[in-house]
Every structure is written in structure tokens, then in C-alpha cells.
Amino acid sequence: MDLDEYQRGALRTAASRDKRNELLHLVLGLAGEAGEVAEKFKKWVRDLDSDESRIDRPGIAKELGDVLWYVAVLADYLDLSLDDIATANLVKLAGRQSRGVLGGSGDDR
Ligand SMILES: [Mg+2]
């Protein structure tokens, strides 16, 4: 499955763009799902002494899927292709790597 195909699939379960406050719903949903990923790791640290053999991979995979859904639908709301976003990200990171600035800071380095 390519990312635009995924994005089209995600849209089948998304609300209409015309729904009141839909953009805000998507932004907050993305932040919330990212928080759910972090929560899984918080419990791993708190309860499992950060034992990597006991990471809840199935649970984290589900939450990462929720993050992906919100990324895909938010991107569509803004008329952005998920495939284009992914490609541009790889190009950006490869450029940083080739210039030796992967580990620095600043969005436009
Ligand atoms: Mg979730």
C-alpha cells in the first residue's frame, strides 16, 4: 500500500471537512494519539523497568496507527498528499545528513 492509498482509505472513516471545528478536531486528535504512544512508554518505564523485551508492541502499533490516521486526514484537510509529505521529509533528512547537520537544531538547517 502506498501512502496516498492509505490516505484515501483513512478518509473513508473521516468526518466531512465541513463539520464545525473539524480542523481543530484533527489537530487535537493527532496530539492526543501521540500522547497515547507516550503513555504506553510511560507505563513501560514505570511498571516494567524499561525492559525492552516487555515493550507492548501490539498496543504501540495500534496507537501509531491512530497517529498515522490523524496525520493522513489532517494532511488531506490541508490539501497535502501523504506521499508528497513523506518524500519531502526523506529528501530533507538526506540533505541534512549529507551536510552533516542531522543532529543540530532549527527547522531549516
Ligand atoms: Mg489511540
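The values are calculated or read from the model by the stated rules, or taken from the named source; none is laboratory data. Model, not experiment: these values are computed from the prediction. Cβ coordinates were reconstructed from backbone atoms using ideal geometry, including for glycine residues, and neighbour counts include every protein chain displayed. When the accessible area is computed, the model is the full protein with side chains, heavy atoms only, and any ligands, DNA or RNA have been set aside. Shrake-Rupley method; radii C 1.70, N 1.55, O 1.52, S 1.80 Å.
Numbers below:
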read-out: Loop-located trypsin sites (Lys or Arg not before Pro) in the stretch 1-34, at most 11 other Cβ atoms within 10 Å (DSSP); value: Arg12, Lys19, Arg20
read-out: Point-to-point label distance, Ser16-Ala31, nm (Cα→Cβ direction, 7 Å offset); value: 2.7 nm
read-out: Peptide ranges 42-49, 100-107 listed from the most packed, as the mean C-beta count within 10 angstrom indicates; value: 42-49, 100-107
read-out: Computed over the chain, Cα set: Rg, Dmax in Å; value: 16.8, 46
read-out: Percent carbon-and-sulfur accessible area, the chain, ignoring ligands, DNA and RNA, probe 1.4 Å; value: 55 percent
read-out: CD proxy at 222 nm, helix term only [per DSSP H run n ≥ 4: -39500 (n - 2.57); per residue of the chain; nearest 500]; value: -23000 deg cm²/dmol
read-out: Sites Asp107 and Asp56 - FRET efficiency at Förster radius 30 Å, r taken between beta-carbons, to 0.05; value: 0.40
read-out: Mean Cβ count within 10 Å, highest first, over the residues of peptides 50-62, 71-83, 24-36; value: 71-83, 24-36, 50-62
read-out: Length-normalised contact order for the stretch 3-82 - Cα pairs under 8 Å, 6+ apart - percent; value: 46 percent
read-out: Of the trypsin sites (Lys or Arg not before Pro) in the stretch 77-107, those whose Cβ has at most 10 other Cβ within 10 Å and which sit in DSSP loop; value: Arg99
read-out: Per residue value of the accessible surface for the stretch 3-82 (all protein chains in place, 1.4 Å probe), Å²; value: 66 Å²
read-out: Stretchable slack from Arg8 to Arg96, in nm (0.36 nm times residue separation minus alpha-carbon distance); value: 28.6 nm
